[in-house]
Amino acid sequence: MRSWFKFFAWQLPLALIVIELGVELVGFGLSGVTLHRHNVDDLAYSVAHDRHPYKVVLLGDSITHNVAHKYRIGDVDEVADLTTHAFAGLPSSLFLLKRYLESGHRPSHVVIAASRDVFTQPIDKGNFDYYVATTFTRPYEREFLGKYYPGYVDYRWKPAALSVTTKVGEPLFSLLRHPGDQIWIGPDLPSKSPVLDQFPNDRIDQAVVDQKIAQQLSLTPEAREILMRMCSLSRQYGFKLHVIFAPLPPSVHATLAQQGKLTALNNSVKQVFEAAGADVTLDDASDQESYLSFDRDLIHIKGLGWEQKFAVQLADYIHGYDDGSSGRFDGEDLARPNVSTHAIQSISMMSR
Amino acid sequence: MLFTDPVFLFAFLPASLVLYLLARRTFGGRAAILVLLACSIFFYGYWSVKYLSLLLGQILVNYLFARKLTRSQSRALLWTAIAVNLALLGYFKYRNFFLENVGLLTGWQLHLSLLFVPLGISFHTFQQITFLTDVADGEEDVPPLPQFMLFVIFFPQLIAGPIVLHREMGRQLTEVVAGKESTAGTFGPGFALFCFGLFKKVCLADNIAPFVDTAFQWPLHLQFIEAWAAAIGYALQLFFDFSGYSDMAVGLGLMFGFLLPFNFNVPFAATSMTEYWKRWHITMTRFFTMYCYTPLALAAHRVVDERGYSRIRAFALCIAVPTMITFLASGLWHGAGWTFIVFGLVNGLGLLINHAWREAKMPHLPRVLAWALTMVTILVTLVYFRSDSLAQAHSILRSMFMPEHILLPLWADALAAKIGVSVGFFEVFQAANFTAHFMLLIVLFAPLAVLLPNPAMKPKKTSPSLPLAFAVAGMIWLTLGLLGQPRTFLYFQF
């Protein structure tokens with residue numbers, strides 16, 4: 001009895017304090033380490049370090065990322081691929097773009113090529129801290145996250161013992177890998193007439209079709225605000241903004257069009273741009289090309305041939321925006337490091 | 001209110017502990033029982049006031065049955081009481097399943113309203129049936145109503161067990177009333193055990209859950225490696241989830257001065273199906289053994305003795321039939337669905353093979369082989385347990401046991417070239433970091449599940465020390481850091 005009293009009176013409190021102080025100390029020691037846990041971290045770092053004057057910035061979710069990661073979009077060094085995925089959502093696109101612009105880049109065009117889901121679905125709460133809150137911690141980013149994501153807490157103020165993974169584990173792992181300063185460029189050129197893969201054994205899950213058809217396609221408040229802020233950036237930095245909705249399976253596209261949901265979403269997006277006084281182009285990849293192969297979620301394009309087709313389509317869009325202008329880099333000029341493409345590729349494949 | 005809910009951890013639990021101890025010290029054991037009863041009623045009512053009244057009504061009816069049974073000990077009355085309880089359970093849990101299948105067989109179009117299953121109904125209904133049976137057998141006396149109510153509704157074990165027998169709890173409650181029992185020696189071990197259970201749930205089970213969910217979400221697309229990883233991952237998730245809950249329940253019981261039975265004894269170390277079921281969900285196995293298997297087997301033995309059946313017929317009647325019936329009931333107890341029925345039947349079949357092997361005096365298998373066979377059988381049963389439909393389960397099992405080809409994901413092409421395996425497109429393991437993370441969790445958690453003894457087995461032997469303080473403090477920090485989004489306990493649905 002007496003020994004349990006001792007346990008609760010001083011042994012346990014002492015252990016709690018010692019552990020917290022120990023973790024706090026280690027966390028403090030690692031606080032300067034740039035996190036490199038995933039491609040959003042890597043991008044957040046490289047947008048501020050790559051000095052190349054890209055003419056076009058490509059933003060988007062994993063549909064575009066899967067393509068741009070494998071295939072070069074556009075001409076050599078024409079496009080800065082800042083695509084992420086739905087877990088990082090549109091906020092990551094806004095923050096990456098802002099960081100990119102603030103580091104001295106002056107692109108002529110910014111293209112958001114993404115599925116409609118990132119505009120209409122709330123961001124996944126389970127991955128929000130991992131991909132957004134702990135990656136983007138600048139004042140502008142914190143202000144936006146605090147305003148639009150209830151429950152957002154700046155993790156840097158949490159006791160280290162409560163966030164051992166983020167303050168100790170992940171910085172330690174980040175020390176082991178450094179993906180380089182360059183923004184990733186897809187290593188291969190897409191074929192203009194690719195062999196379109198067939199997957200005869202694929203079965204379409206009707207539940208997924210039903211779910212896609214039933215989902216509401218209205219802009220979330222945060223998506224609305226992000227588009228507004230991007231328009232504001234476009235005025236400030238002098239680039240043109242373009243939105244391309246990623247392809248959908250033809251049957252889903254036709255049903256959603258018939259239901260009037262696609263037009264309604266287009267109108268909502270246009271209204272935002274009109275309110276912001278911005279001249280923005282809005283395209284739907286499914287309007288010009290038909291895509292027949294998708295992953296089981298009916299969101300991601302499946303098959304290398306089909307991905308090349310989308311890569312070529314994106315490049316065509318980008319060339320269609322060509323107004324003779326070019327990108328600039330007004331920041332501190334540094335020689336572009338000569339990093340082995342193979343080394344970058346291996347690192348980047350691991351971070352997928 | 002979940003045990004991982006901050007409202008429970010930082011408000012309800014401390015408040016109920018303080019109230020209980022104050023009542024006990026100031027007004028005596030009887031008042032303490034009433035306070036604990038009130039806290040338990042609040043705990044259940046916090047989830048649903050409507051179903052609280054159902055639970056209280058069920059308790060009152062069973063109390064009246066028990067009072068009557070002490071006087072008459074009539075079997076007919078006992079069967080009536082059991083039937084009333086099973087009817088209640090059947091209505092809420094099995095009505096839709098039964099009617100759906102009637103509709104399928106007859107072609108009738110039935111429009112069934114969605115029925116909400118009252119939390120923990122399987123657990124507290126069984127607990128009350130054990131009490132009624134023990135009273136009818138003259139093995140238990142009927143306690144005063146508050147004590148009986150607390151026996152059923154005591155919040156640490158109310159919603160997901162352990163299934164407590166009255167003989168285990170009744171004496172302890174009587175001692176509290178008499179002012180004999182105290183929490184002085186049990187609070188510390190209870191607190192340590194509760195922290196351990198919380199850690200298992202929040203840091204282990206909930207960490208692997210998203211990976212398992214992703215894999216089970218796409219059964220048609222799983223390749224060989226993915227299907228095995230999904231099955232193993234789910235086995236680990238279920239074990240840490242349910243054993244974590246059970247440790248918390250035993251820990252909470254001890255914090256209030258009550259010793260509840262433990263539910264797990266390193267089940268994944270079992271080298272036979274019989275041993276596995278002696279180690280997994282022990283109080284449920286005990287219930288089915290005492291109240292289903294044993295009566296059936298005894299009745300069969302009497303028939304066999306009277307008629308002098310051959311050895312094979314005797315085995316079929318005394319072992320095979322009771323085993324299969326028991327596991328069929330056990331499968332159904334877990335849920336109203338064909339997947340649960342097949343889960344029970346595959347388990348029963350595993351046990352039968354186990355018994356037949358022993359009866360035929362076949363040679364002992366090497367320990368490692370016996371363990372591997374047992375684990376493979378368990379994984380098969382758990383695929384059924386986790387799947388939403390038989391088709392989903394069969395699709396995963398096909399990928400596990402009859403893959404069209406064995407491939408590695410595209411990103412592992414360098415490894416594939418070295419070991420001579422082809423690469424292919426993986427839809428679930430297409431991201432290297434997802435797979436690496438999932439595999440890391442399996443590699444870290446599997447040894448813990450197989451080797452770590454369960455401290456809930458001898459909780460009172462836990463002695464305070466500085467290393468224990470550091471272990472508990474470490475678990476507290478890690479758990480608090482991950483408490484943000486607690487997932488529900490898997491066994492709450494049963």
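The values are calculated or read from the model by the stated rules, or taken from the named source; none is laboratory data. From a predicted model like this one, the values you see are computed outputs, not experimental measurements. Because the Cβ atoms are built from the backbone with ideal geometry, glycine has one as well, and the counts that use them run over all protein chains shown.
Structure above, values below:
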item: Scope the range A:208-228; condition more than 16 Å from A:G60 (Cα to Cα) and basic (K, R); matching residues; result: A:K212
item: Some residue of the range B:418-432 being free of Cβ contacts under 8 Å to residues at least 60 places away in the same chain, of a type in the set (D, E, K, R), more than 13 Å from chain A (Cβ to nearest Cβ) and part of a loop (DSSP other than H, G, I, E, B); result: no
item: Extreme residue, nearest to the chain's Cα centre (by Cα), among residues of the range B:295-310 that are free of Cβ contacts under 8 Å to residues at least 12 places away in the same chain and part of a helix (DSSP H, G or I); result: B:P295
item: Residue satisfying condition, being in contact (Cβ under 8 Å) with a residue 24 or more places away in the chain and either assigned to a helix (DSSP H, G or I) or touching an Asp or Glu at 6+ places or on another chain (Cβ under 6 Å) (or both), within set B:F240, B:F264; result: B:F240
item: Single residue of the range A:74-104 satisfying the filter (β-branched (V, I, T) and assigned to a loop (DSSP other than H, G, I, E, B)) that is modelled with the lowest pLDDT; result: A:V76
item: Residues within the range A:160-203 that are over 23 Å from A:H69 (Cβ atoms) and small (G, A, S), tallied; result: 4
item: Qualifying residues in the range B:182-194 (those that are more than 10 Å from chain A (Cβ to nearest Cβ) and modelled with pLDDT of 90 or more) - the one farthest from A:W4 (Cα to Cα); result: B:F194
item: Residue that is surrounded by the most Cβ atoms within 10 Å (Cβ to Cβ) [pool: residues in the range A:150-183 that are more than 30 Å from B:G474 (Cβ to Cβ) and either in contact (Cβ under 8 Å) with a residue 24 or more places away in the chain or within 11 Å of chain B (Cβ to nearest Cβ) (or both)]; result: A:I183
item: Candidate set from the range B:323-379 (those that are out of contact with any helix residue (DSSP H, G or I) (no Cβ under 9 Å at 6 or more places or on another chain) and not aliphatic (A, V, I, L, M)); member that is nearest to B:F92 (Cα to Cα); result: B:W357
item: Test: residue in the range A:27-45 that is exposed (fewer than 15 other Cβ atoms within 10 Å of the Cβ), within 14 Å of chain B (Cβ to nearest Cβ), out of contact with any strand residue (DSSP E or B) (no Cβ under 6 Å at 6 or more places or on another chain) and in a loop (DSSP other than H, G, I, E, B); result: no
item: Given (1) within 23 Å of A:L262 (Cα to Cα); (2) in a helix (DSSP H, G or I), index of the condition A:V110 fails; result: (2)
item: Residue pairs meeting the criteria (Cβ under 9 Å; at least 6 apart or on separate chains; first assigned by TED's automatic domain parsing to the domain that holds A:E225 and closer than 16 Å to A:E222 by Cα, in the range A:269-286; second polar (S, T, N, Q) and part of a helix (DSSP H, G or I)); result: A:A276/A:S232; A:A276/A:S234
item: From the options B:A471, B:A436, residue that is of a type outside the set (V, I, T), farther than 30 Å from A:K302 by Cα, part of a helix (DSSP H, G or I) and over 24 Å from the mean Cα position of the chain (by Cα); result: B:A471
item: Residue within the range B:63-70 that is under 21 Å from B:F258 (Cα atoms) and either touching a Lys or Arg at 6+ places or on another chain (Cβ under 8 Å) or not charged (D, E, K, R) (or both) present; result: no
item: Residues being within 13 Å of chain A (Cβ to nearest Cβ) and of a type in the set (D, E, K, R) - total across the range B:433-460; result: 1
